[in-house]
Every structure is written in structure tokens, then in C-alpha cells.
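K.L.:
Sharing a structure with you now.
The values are calculated or read from the model by the stated rules, or taken from the named source; none is laboratory data. On a predicted model such as this, the values are computed, not experimentally measured, just so you know. Because the Cβ atoms are built from the backbone with ideal geometry, glycine has one as well, and the counts that use them run over all protein chains shown. The protein model used for the area step is the full one, side chains on, heavy atoms only, and it has no ligands, DNA or RNA in it. Shrake-Rupley method; radii C 1.70, N 1.55, O 1.52, S 1.80 Å.
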Amino acid sequence: MRQGTIPPVVAARWALWTFVIVNLVIVEALFLTAGTGKNGVLTVAKFFGLHAAVLLLFQLLLVARLPWLDRRIGMDRLTVWHRWLGFTLLWTVLTHAVLVVLGYARLDGASATKTFGALAGVPASLLGMCAAAIVVAVAAVSARYVRRRLRYEIWHGLHLLLYVALGLSFVHQLLETTTFSYSATAKLYWWALWLFAFGALVTGRIVMPLWRNAYHRFRVTAVVPESNDVVSVHVTGRHLDRLPARAGQFCIWRFPGHSHWWSANPFSLSAAPDGRTLRLTAKAVGNASAGLRGLPIGTRAFVEGPYGAFTSLHRTRPGVLLIAGGVGITPVRALLEEEPAGDIVVLYRVRGENDAVLVEEVRDLVADRGGRLHLLTGRTGEGSSPFEPEGLRALVPDITERDVYVCGPPGMTSSVLGALRGLKVPHRQVHAERFGLA
């Protein structure tokens, strides 16, 4: 509980945006002092090209899964920023490319078509064109309409092409731009920024996961059916007391000996880490999660994480309201283990009592802590929703005085967050995380 102090999420956002603004100011200064292009259009093209490079580097930082940022801001919010920054990058790259063609067409007194063909014959320009084409293609498959119709594995494979675009654009910039090579200071800054971004990405996405799995050697020790379509998997390993996991977080799980390497799923820890075992609980909604029921004991597990900001690190008030829908109860159940006896209310929304996964565990944990559990049954659209502002206020009259944690299906989560805004629950007291790989 952190009353009277700067919330961790606010401190992380200040740090991140300060970093962004400082680097944008440096880039602007370098642009203004490096001289103009061969004409006005090419000068503007250079301006957009430099900013495209900076946006690309910031994109890397947002998906590098740096623990300090992830635990304070959350992967879901960082992913949203990555998505919108990606579309900003798209238009910046396209603007840069169009202006380069128009600038050289004016310089040479040729048509845009002829100029485009001439530039494609120059290796440095061709590399930039290839990078731009990849950015456009990835942006196209990332549009919501297209993304929803692609399998994750296909989308993810296409998305990895951005790393190819990154390499092409890096070489393109080395060959073309003078802004970062006209002085020793400019060169030092440029290389430091690229090395920092690359280093963060390689460390967070490759080095750290490989090191943790080699060190902890995760293995499946038990597979426990919780219902007809829900299963819990218990995983152990060496020195799990040194794994920096907290209740409410999730990991990205792979079981290479049982399924394809690319079959990775984000599952929350359904029990607070105790230094000996980890437990995930999943509902069979796809081939990978459905196949967990058949995991042999002793299967090796490859675990990325833990990730997420859905933790008690962000508590601001003595009282807490935990709202879960369906299998979204898993991180809530884990959080309950960290809660001391006190003012705890849990709202658990399910279609029927038979669908209430882990309900007995939740009931026991709430009772041990002197809290209240409301099991809210019913289908969406049947009667009034308990998550309307009036319904929430009736169940929890002092809701504005509590921290509120929300985890459930997207529709339910959006409904609850809207109701909390209507009830004027302070934003810093609301904690929700929509995790996923895409």
C-alpha cells in the first residue's frame, strides 16, 4: 500500500516519456545543426527519415520486456503503445519515401516514376525501399480486420519480418544519412542509442529467458483437472525462490517435448509463488491449452517471464475489491494469498456455479481473511448486469475507497472499467491487465 507516494506506474511513465522527449530534442538539435538537403523537399524528407529511425528504436524498447517497465506499466499497455507507435511509424516512413522521390524528381527534372526506378538501382536507396515495404506489409496484417482472421503463428511469423526491416534500415541510414556522421558527438550518440535499443531487446527477449530456463530447469510435476474444460499444471525447478515472480503475474509457457516450439501461451499464475512450485490454470479454448491435460509428468517447460503489473505493488488503499470473470479468477486467486486479513471483497462472475473454477479455494482464502465473496451467476445479456454502476455500488457501497483489480473476458473487463469511471473511482486505484501475445 503506497499512500502519499508517487505510484510506480506514474514514476515509470515519467521515466519513459522523459527518455523519449530528451532523445527527440537531441534529434531535433542534430537535424538543425547538420545542414540542409539538396533542396527544400529533400530537407523535409530527411526530417521525417530521422524521426522514422527514432520511432523504430522506441518500438524496440516497448517490446523488449524490460522488467522494470513491465512490472510498473504492464505488457498490455506497452503493447498498445507499441501498436499505435507502429502505425505512426508507418505514416512517417511513407511520408519520408514519397518526399525523397519527389525531391529527387524536382532536382533532376524527371518524373516521379522515372526517379523511383533510378533510386531502386542505388543499393542504399533499395535497402530503404525494402525496409519500407516490410513496414507497410506488417502494418497491413496488423490491422484489426486482418489480424482477427489470421492464426497467431502466421501473424507472428510475418511480424518477425520487422527485424529484417530494422537491419535493412540500419544499413540504409549508415549509407545515406549525414546527420549522425557529421561530428564525433553525433556518431557517439547515434551508436549509443542503437546499441541501447538492440541490447535491451536481445537481453529481454533472448538472453534473460534462456538464462532463466537453463538455471531453473522447469519441469511438470502434476496435471490436475479442475473441471471438464479447465486444467491446472504444476511446475517445479531449481532455486525457484530466486525467480522474481509475484502473485497476479503471468508467464508465457511452452512445452517443447509435447507441442511445437511456436505453441506459446500466456497463462497467469493461479497460486502465489512459494519458492518451490509454480501453478498455471487454463481453460481449453485452443489446441495448445486443450492439450495441457495430456502433458506427461516430467515434461520440460520453457517459461518466459514472469510478466505483468497486476500485482500488489500498485496498492494505494487499505481496502480492496477483486473482480474476476471466468478463468480470470486465476490471478485473483493468487493475489488473495498475499492479502492480509482485512477489508476484502471478491466478485466472481460465471455462467453457472459449475463453471466457477477454483471457487472452493477462493472461498477458503476469503473466509480465512474475513472477507466477502459474491458468486454472480448468469449469462451476459440476461437481465441487468451486476457490473452496471448501480449494481457495483449496491454490492460494494464504499467502492470509491478501495483499490479495484479486474481480470476477465475483454467484454466484461471493458464493462467494469466503464462502470468504475461512471462511479468516479480514482484512476490510480483501478488495476486491470489484458495480457496476450498479440
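K.L.:
Evaluate E = 1/(1 + (r/R0)^6) for THR18 and ARG205, where r is the Cβ-Cβ distance and R0 equals 35 Å; express this FRET efficiency to the nearest 0.05. Each step should come with its number before you reach the end.
P.N.:
Values: r = 24 Å, r/R0 = 0.69.
Efficiency computed from Cβ-Cβ geometry: 0.90.
K.L.:
Using a 1.4 angstrom probe on heavy atoms only, work out the carbon and sulfur share of the accessible area of the chain in %. Could you put the intermediate results ahead of the total?
P.N.:
Numbers: 13000 of 20980 Å².
Ligands and nucleic acids excluded, carbon and sulfur reach 62 percent.
K.L.:
What is the set of long-range amide H partners of GLY325 at a cut-off below 5 Å, with H atoms built 1.01 Å from backbone N?
P.N.:
ARG349, CYS407, GLY408
K.L.:
What list of ³J(HN,Hα) couplings, whole Hz, do you get for the range 321-332 from phi and the Karplus terms 6.51, -1.76, 1.60, once you set θ to phi - 60° and write x for glycine and proline?
P.N.:
These are the phi-based 3J(HN,Hα) values: 10, 10, 10, 10, x, x, 6, x, 5, 4, x, 5 Hz.
K.L.:
What does the charge dipole of the chain about its Cα centre add up to, to the nearest 20 debye, if the Cβ of each Lys and Arg holds +1 and the Cβ of each Asp and Glu holds -1? Don't skip to the end; give the middle numbers.
P.N.:
Details: 45 positive and 28 negative charges, 153 e Å.
Magnitude of the dipole: close to 740 debye.
K.L.:
Taking loop as defined by DSSP and a crowding limit of 14 other beta carbons within 10 Å, which trypsin sites (Lys or Arg not before Pro) in the range 136-166 fit?
P.N.:
Here the sparse-neighbourhood loop sites are ARG148, ARG149, ARG151.
K.L.:
Give me the distance in nm between label points sitting 7 Å out from Cα along the Cα-to-Cβ direction at ALA110 and VAL141, one decimal.
P.N.:
Modelled inter-label distance: 3.3 nm.
K.L.:
Oh, and also: Treating only the Cβ of Lys, Arg, Asp and Glu as charged (+1, +1, -1, -1), what charge dipole size does the range 213-323 show about its Cα centre? Round to the nearest 20 debye. Don't skip to the answer; put the middle values down first.
P.N.:
On the way: 13 positive and 5 negative charges, 52 e Å.
Computed charge dipole of the range 213-323: roughly 260 debye.
K.L.:
Here is a follow-up. With unit charges on the beta carbon (Lys/Arg positive, Asp/Glu negative), name the residue among THR185, THR113, ALA140 whose Cα is farthest towards the positive pole of the charge dipole of the chain.
P.N.:
Projecting each Cα onto the dipole axis, the largest value belongs to THR113.
K.L.:
Follow-up. Connecting C-alpha atoms closer than 10 Å in a GNM of the chain, tell me which of LEU102, LEU50, LEU321 has the biggest fluctuation.
P.N.:
Of the options given, LEU102 has the highest mean-square fluctuation.
K.L.:
While we're looking at this one, here's another question. With r defined as the distance between the Cβ atoms of GLU28 and ALA118 and R0 fixed at 22 Å, what FRET efficiency is calculated, to the nearest 0.05?
P.N.:
Values: r = 31 Å, r/R0 = 1.40.
E(calc), rounded to 0.05, equals 0.10.
K.L.:
DSSP loop chymotrypsin sites (Phe, Trp or Tyr not before Pro) in the range 143-206 with at most 14 other Cβ atoms within 10 Å of their Cβ, which ones?
P.N.:
Here the chymotrypsin sites (Phe, Trp or Tyr not before Pro) that fit, given the DSSP loop and packing criteria, are TYR182.
K.L.:
With a 1.4 Å probe and all protein chains left in place, how much accessible area per residue does the range 80-175 have, in Å²? Before the final figure, lay out the partial values.
P.N.:
On the way: 5450 Å² over 96 residues.
Normalised by residue count, the accessible surface of the range 80-175 is 57 Å².
K.L.:
Rounded to the nearest 500, what is the chain's calculated 222 nm mean residue ellipticity when only DSSP H runs of at least 4 contribute -39500 (n - 2.57) each, over all residues?
P.N.:
Working: 16 runs with 219 residues, N = 438.
After summing the helix terms and dividing by the residues of the chain, the value is -16000 deg cm²/dmol.
K.L.:
For Cα pairs less than 8 Å apart in space and 6+ apart in sequence, what is the mean separation divided by the residue count of the range 68-178, i.e. the relative contact order in percent?
P.N.:
Numbers: 58 pairs, mean separation 29.0, N = 111.
It rounds to 26 percent for the range 68-178.
K.L.:
Taking the chain as a Gaussian network, where each spring joins two C-alpha atoms under 10 Å apart, which residue of PRO306, PRO244, PRO67 fluctuates the most?
P.N.:
Greatest mean-square fluctuation among the candidates belongs to PRO244.
K.L.:
Taking amide H positions as placed 1.01 Å from N in the peptide plane, with prolines and chain starts having none, which residues 5 or more places from ARG217, or on another chain, fall under 5 Å of its amide H?
P.N.:
For ARG217, whose amide H was placed from the backbone, the distant partners under 5 Å are ARG238.
K.L.:
Residues in the range 229-254, backbone N under 11 Å from the label point at ARG219 (7 Å along the Cα-to-beta-carbon vector): list them, ranges by number please.
P.N.:
From the range 229-254, the list is 236-238.
K.L.:
Given the options VAL93, VAL171, VAL122, state which has the largest fluctuation in a GNM of the chain using a 10 Å cut-off (strictly under) for Cα springs.
P.N.:
VAL122
K.L.:
Expressed as a rounded percentage, what relative contact order does the range 1-155 have, with Cα pairs under 8 Å and six or more residues apart?
P.N.:
Relative contact order for the range 1-155 comes out at 23 percent.
K.L.:
Figure the gain on full extension for ASP274 and LEU150 (residue separation times 0.36 nm, minus the Cα-Cα span) and round it to one decimal in nm. Each step should come with its number before you reach the end.
P.N.:
Values: separation 124, 0.36 × 124 = 44.64 nm, distance 3.84 nm.
Length difference between fully extended and current span is 40.8 nm.
K.L.:
For the pair LEU423 and LEU161, how long in nm is the line joining their label points, each one 7 Å along Cα→Cβ?
P.N.:
4.7
K.L.:
When the Karplus curve 6.51 cos²θ - 1.76 cosθ + 1.60 is applied with θ = phi - 60°, which whole-Hz ³J(HN,Hα) does each residue of the range 195-211 get, with x for Gly and Pro?
P.N.:
Running phi through 6.51 cos²θ - 1.76 cosθ + 1.60 with θ = phi - 60° gives 5, 5, 5, 4, x, 4, 5, 5, 5, x, 9, 10, 4, 5, x, 5, 5 Hz.
K.L.:
Could you give the angle, 0 to 90 degrees to the nearest 10, between helix 40-62's Cα long axis and the longest principal axis of the Cα atoms of the chain?
P.N.:
30
K.L.:
Right, next: Enter the angle in degrees (range 0 to 90, nearest 10) between the Cα long axis of helix 123-142 and the first principal axis of the Cα atoms of the chain, meaning the one along which they spread out most.
P.N.:
The helix 123-142 is inclined about 30 degrees to the chain.
K.L.:
Considering amide H positions built from the backbone, and no H for Pro or chain starts, which residues 5 or more places from VAL404, or on another chain, come under 5 Å of its amide H?
P.N.:
Those lying under 5 Å, H to H, from VAL404 are LEU321, VAL430, HIS431.
K.L.:
Cα centroids of the range 342-375 and the range 396-438: how far apart, whole angstrom?
P.N.:
About 18 Å separates the Cα centre of the range 342-375 from the one of the range 396-438.
K.L.:
Across the range 420-434, in residue order, what do the Karplus-derived ³J(HN,Hα) couplings come to in whole Hz, using 6.51 cos²θ - 1.76 cosθ + 1.60 with θ = phi - 60° and x for Gly and Pro?
P.N.:
Listing the rounded values in order: 5, 5, x, 7, 6, 5, x, 4, 5, 9, 9, 10, 9, 9, 9 Hz.
K.L.:
Given contacts defined as C-alpha pairs under 8 Å and at least six residues apart, what's the relative contact order of the chain, whole-number percent?
P.N.:
Working: 683 pairs, mean separation 64.6, N = 438.
It comes to 15 percent, rounded to a whole number.
K.L.:
If you don't mind, there's one more thing I want to ask. Which percentage, to the nearest 5, of the DSSP beta bridges contained in the chain is antiparallel? It would help to have the intermediate numbers written out before the result.
P.N.:
Working: 24 of 45 bridges.
Percent antiparallel among DSSP bridges in the chain is about 55.
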